[in-house]
Amino acid sequence: MKTEKPICQLLGQVTRLYKNKLFARFKKKDVDITFEQFAILSSLNSGKEFTQQDLANQMHKDKSIILRQINVLIDKNYIKRTQNEQDKRKKTLILTDEGFKTLEQAQNLVQNVLDELLVGISEDELSVFRHVLEKIQENSEPNDSNCQC
């Protein structure tokens, strides 16, 4: 009798598989970023202004971890800090031309890897999967009405 793997285990395995495959592709094509750095560059390319704290909140990561990643990206000349116009104490992060070029290369590789991984999955199945993931994410966010403190 075959037992089903727990959903959490499957999610973790698929995430690792995807990240490992993507990192190998980045390395093969000399795209000098990690998966986490790709996520930061993608966020900065969204058209919204981001501070370090904004990125930490969006990525659900500790600010110090994001700071290390940002410093690496600054050292590689992929992003830079600029003074926030509304609040001089804050620094806004923006993509450099080199960062944008690297992001474009990475996005192409990401799409190629996704195309490979999603072979045989219909648009309907993908839509349901996306909906379920969004629902899980929504359920994980703090909600005062569900609090049984």
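The values are calculated or read from the model by the stated rules, or taken from the named source; none is laboratory data. Quick caveat, the model's predicted, so the values are computed rather than measured. Quick reminder, even Gly has a Cβ in these numbers, built from the backbone with ideal geometry, and neighbours come from all protein chains shown.
Inside segment 88-115, residues that are outside any loop (DSSP other than H, G, I, E, B), without any contact (Cβ under 8 Å) to a residue 24 or more places away in the chain and farther than 25 Å from Leu126 by Cα make up a count of 3.
Against the test of being among the β-branched types (Val, Ile, Thr), modelled with pLDDT of 95 or more, within 30 Å of Cys8 (Cα to Cα) and surrounded by 16 or more Cβ atoms within 10 Å (Cβ to Cβ), the options Val128, Val110 yield a single qualifying residue, Val110.
On the basis of being more than 28 Å from Asn20 (Cβ to Cβ), of a type outside the set (Ser, Thr, Tyr) and in a helix (DSSP H, G or I), does Gln53 make the cut? When the stated conditions are applied, Gln53 passes them. Selection within segment 43-67: residues that are hydrophobic (A, V, I, L, M, F, W, C) and without any contact (Cβ under 8 Å) to a residue 12 or more places away in the chain. The member of this set that is surrounded by the most Cβ atoms within 10 Å (Cβ to Cβ) is Ala56. If you check every pair at least six apart or on different chains, which have Cβ atoms under 7 Å apart with a residue in segment 124-149 that is under 18 Å from His60 (Cβ atoms) and polar (S, T, N, Q) first and a residue that is at pLDDT 95 or above and surrounded by 10 or more Cβ atoms within 10 Å (Cβ to Cβ) second? Correct list of pairs: empty, since none qualify. Residues in segment 22-39 that are surrounded by fewer than 15 Cβ atoms within 10 Å (Cβ to Cβ) and in contact (Cβ under 8 Å) with a residue 60 or more places away in the chain: Lys29, Asp32. Only one entry in Ser42, Ser64 is among the polar types (S, T, N, Q), part of a helix (DSSP H, G or I) and within 12 Å of the chain's Cα centre (by Cα), namely Ser42. Screening the candidates Ile74, Ile70 for the property of being in a helix (DSSP H, G or I), in contact with a strand residue (DSSP E or B) (Cβ under 8 Å, 6 or more places away or on another chain), surrounded by fewer than 16 Cβ atoms within 10 Å (Cβ to Cβ) and not aromatic (Phe, Trp, Tyr) yields one hit, Ile74.
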